[in-house]
Ligand code: NAD
Ligand code: DAU
């Protein structure tokens, strides 16, 4: 038995693959294009492990995907592969359309052909799990109820629009062709191997480097934060017990304004790695221009997955963020490697000299 994990060298995908192989001996094929966000080093601990194979390639490469499916005969696919950063989608949406929409379409086509050729039992047992985001539901007002699975789609950025399109394709492949799909929509993840273009790792890395901590607009935008290992356990649970064709929202029950997040990171660093001059890290906070079309608030109602599948997050924000800050302090070499070259160009382009 095996599973195919796409995007498994990225932030959540690599946590998922590592986590999977601590829980089971089932063979994993990781397919990843290794864009700027994908990093072989994330899976370094699996080098030489007979339960894992890494393949560099594109989910949109139909020939390659068909070959991998025929060769390994996976019983499930977990699709993490995507362009994932909202700000990059604003600077240049093309890659988001190509991977998140066209790539998902080609992946679905290859999977449909493979699944159609399976024996009856294997066809029944097969699952295609598509990992999506709460951003497809749009932005909430301060007192609006949290997103349920029935919330209408109202994506506001090129990123979320491309993810919404992929969700619709996945849904259509179930209704039209009977492909046994599952979709998960989750909130903001944080934890180890998070690429430092996203809020939490960017703040940790910039703080330690003595650089400004760029807060967009008034910093009062709200996100729900989910520790990445909780997300991994939720996906395992949905894969095991989710009802075919269903959507499950996954959240951490941790709604917080961005400025609170940045302050928490600063206070933890003050404790764990005080500044040489004894001043608090919060002095580095700098307000910068807001993100165009910035969604004000996301909140996940995660009661369905708890009620139907018995899953809820294990970490509070306080325990998860402490582990995360400590991980970055302990893994400076990883940070140095991912922040060289192309990363510097992105930071220069997006933040100027900030
Ligand atoms: P990431 O950007 O860290 O990783 C994406 C991975 O996909 C990278 O390894 C990249 O090389 C790979 N990839 C990109 N294009 C590819 C292609 N065409 N073919 C094969 N591989 C390709 O992203 P992440 O934060 O780990 O997110 C993973 C998934 O979870 C995405 O689908 C994202 O939309 C979704 N999601 C993320 C969050 C979050 O907070 N990070 C929250 C909700 C949903
Ligand atoms: O909600 C799920 C989504 O969470 C995922 O689908 C995306 O893939 C993931 O990137 C994330 O999107 P966000 O836009 O919410 O995450 P980001 O870390 O980019 O930003 C979090 C908040 O922090 C957001 O309100 C913008 C703000 N921000 C971000 C950066 C990078 C800043 O204020 N300053 C920054 O420099």
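Rule-based calculations on the coordinates, nothing more; no lab input. Because the structure is predicted, anything quoted here is derived from the model rather than measured. As a convention, Cβ positions derive from the backbone with ideal geometry for all residues, glycine included, and neighbour counts pool all protein chains shown.
FRET efficiency for the pair residue 176 and residue 244, taken as 1/(1 + (r/R0)^6) with r the Cβ-Cβ distance and R0 = 25 Å, rounds to 0.95.
For 329, 179, 4, what's the fewest-to-most ordering of other Cβ within 10 Å of each Cβ?
On the way: 329 15, 179 22, 4 26.
Fewest to most other Cβ atoms nearby, the residues stand as 329, 179, 4.
Taking the Cβ-Cβ separation of residue 47 and residue 332 as r and a Förster radius of 22 Å, what is the calculated FRET efficiency to the nearest 0.05? Write out the running numbers ahead of the final one.
Details: r = 21 Å, r/R0 = 0.95.
Once the sixth-power term is evaluated, E becomes 0.55.
Relative contact order of the chain: 17 percent, from C-alpha pairs under 8 Å at least 6 residues apart in sequence. Using only the Cα atoms of region 142-235, build the gyration tensor, take square roots of its eigenvalues as a ≥ b ≥ c, and label the shape rounded, prolate or oblate: rounded if a/c is under 1.5, else prolate if a/b is larger than b/c, else oblate. Judged from the Cα gyration tensor, region 142-235 comes out prolate (a/c at least 1.5, a/b above b/c). Using the 2.2 N^0.38 Å rule of thumb for compact globular proteins, work out how region 23-173 stacks up: its C-alpha Rg over that value, please. My calculation over the Cα atoms of region 23-173 gives 1.15.
For the options 29, 300, 285, a Gaussian network treatment of the chain with springs between C-alpha atoms closer than 10 Å singles out 285 as fluctuating the most. Residue order for 157, 24, 14, fewest other beta carbons within 10 angstrom first, comes to 24, 157, 14.
What length, rounded to one decimal in nm, is gained on full extension from residue 148 through to residue 271, with 0.36 nm per residue of separation minus their alpha-carbon distance?
Values: separation 123, 0.36 × 123 = 44.28 nm, distance 3.79 nm.
This chain segment gains 40.5 nm when fully extended.
Rounded to whole Å, give me the distance from the Cα center of region 195-240 to that of region 285-328. With region 195-240 and region 285-328 each reduced to a Cα centre, they are spaced 7 Å.
The modelled label-to-label distance between residue 64 and residue 98, using points 7 Å beyond Cα along the C-beta direction, is 1.2 nm. Taking other C-beta atoms within 10 angstrom as a stand-in for reagent exposure, 109, 94 fall in the order 94, 109, fewest first. Computed over the alpha-carbon pairs of the chain, the distance histogram in 20 Å steps reads 30, 60, 10, 0 percent, short to long.
Rounded, prolate or oblate: pick one for region 249-288, where a ≥ b ≥ c are the square roots of the eigenvalues of its C-alpha gyration tensor, a/c under 1.5 means rounded, and failing that, prolate if a/b is larger than b/c, else oblate. Before the final figure, lay out each step's value.
Details: a/c = 4.38, a/b = 1.91, b/c = 2.30.
Cα axes put region 249-288 in the oblate bin.
For region 1-99, the calculated P(r), taken from all Cα-Cα distances in 5 Å bins from zero up to the bin holding the longest distance, is 3, 13, 25, 24, 18, 10, 5, 2, 0 percent.
Considering all projection directions equally, how large on average is the shadow of the alpha-carbon convex hull of region 266-323, in square nanometres?
Details: hull surface 26.3 nm².
Its Cα hull, projected and averaged over all orientations, spans 6.6 nm².
Please give the direction-averaged projected area of the C-alpha convex hull for region 254-354, in square nanometres with one decimal. Don't jump to the answer; show the numbers that get you there.
Values: hull surface 37.0 nm².
It is 9.3 nm².
At full extension, residue 119 and residue 340 could sit 74.7 nm farther apart than now, given 0.36 nm per residue minus the alpha carbon distance.
Mean-square fluctuations from a GNM of the chain, with a 10 angstrom spring cutoff on Cα atoms, peak among 120, 187, 166 at 120.
Shape of region 68-156 from its Cα gyration tensor (a ≥ b ≥ c, root eigenvalues): rounded if a/c is under 1.5, otherwise prolate when a/b > b/c, or oblate? Don't jump to the answer; show the numbers that get you there.
On the way: a/c = 3.49, a/b = 1.70, b/c = 2.05.
Verdict is oblate for region 68-156.
Can I get the semi-axes of region 120-187's equivalent ellipsoid? Compute them from the C-alpha gyration tensor as square roots of 5 times the eigenvalues, in angstrom, largest first.
Numbers: eigenvalues 149, 30, 17 Å².
With the √(5λ) rule applied to region 120-187, the semi-axes are 27, 12, 9 Å.
Between 0 and 90 degrees, rounded to the nearest ten: what's the tilt of helix 228-241 against the longest Cα principal axis of the chain? The two axes meet at around 20 degrees. Residues considered: 66, 276, 161. Largest GNM mean-square fluctuation over the chain, using C-alpha springs under 10 Å, is found at 276. The Cα center of region 104-146 and the Cα center of region 42-80 differ in position by 18 Å. Compared with the direct C-alpha span, the chain from residue 350 to residue 290 gains 20.4 nm at full extension, assuming 0.36 nm per residue.
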